[in-house]
Amino acid sequence: MPITPKYIVMCDEIRQEINGKFILLGVYLPDMTVPQLPFVLPSLTFFIALESDRPGNYQVRFSVESLESGQKVFEGMGAAGFPKPGIGAMPVQVRNLMIQTAGTYVFTLNLEGQKDPITHSFNILLVPPQQPGFPVPGFPGMVPRQ
């Protein structure tokens, strides 16, 4: 198999410095909370590290789908290139993603010539805004700043 996944990091946005380093902004670990439903995510990016055993260019298709309903909330296509064997980064950015329901979602990446897709699942959790002075859910003892 020429391409294998190393990891996928889900974040709001990615920037790349002149020296080639990546800056990941708003990293989600592992789930995402939203204050209301439906909710529009202005930007959601999947930072995908892949390893290839050979140089080459590949067509890719990707989607985000609700696991419970099977409804695709986003589909796209693009290309991945490896100038030499080794690890390469492939950021996939989704703009204005409309989330209708809480639950489990799956990001799927299909690479041309690869039998098995690369997947990453995550949960969307509805967490209404907290009242000042009340603990933050999931972080016992922490109180939001006022």
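Read-outs throughout are calculated quantities, based only on the coordinates presented, and are distinct from any laboratory measurement. Computed from a predicted structure; not experimentally measured. We place every Cβ from the backbone using ideal geometry, glycine too, and count neighbours over all the protein chains shown.
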ask   = Taking H as built 1.01 Å from N, whose amide H comes closer than 5 Å to the amide H of Leu67, not counting residues under 5 places away?
value = Thr104, Tyr105, Val106
inquiry  = Need one number: nm distance between label points at Asp116 and Met77, each 7 Å from Cα along Cα→Cβ, rounded to one decimal.
reply    = 2.5
query = Quick one: Karplus J couplings for region 59-64, per residue in order, coefficients 6.51, -1.76, 1.60, θ = phi - 60°, nearest Hz, x for Gly and Pro?
reply = 7, 10, 10, 9, 7, 10
remark   = With a ≥ b ≥ c from the Cα gyration tensor eigenvalues, square-rooted, and the rule rounded for a/c under 1.5, otherwise prolate when a/b > b/c and oblate otherwise, region 1-68 is oblate
For region 30-46, Karplus couplings with θ = phi - 60° (6.51, -1.76, 1.60), whole Hz, Gly/Pro x = x, 10, 10, 10, 10, x, 7, 10, x, 9, 9, 8, x, 8, 9, 10, 10
task = Calculate I(q)/I(0) for the chain by the Debye formula, one identical point scatterer on each C-alpha and no solvent, and give its log10 at q = 0.20 Å⁻¹ to two decimals.
result = -1.27
ask   = Looking only at GluC sites (Glu not before Pro) in DSSP loops with at most 11 other Cβ atoms within 10 Å, what is the longest site-free stretch of the chain?
value = 69-146
ask   = Lys72: which lysines have alpha carbons under 30 Å from its alpha carbon, excluding same-chain residues fewer than 8 sequence positions away?
value = Lys6, Lys115
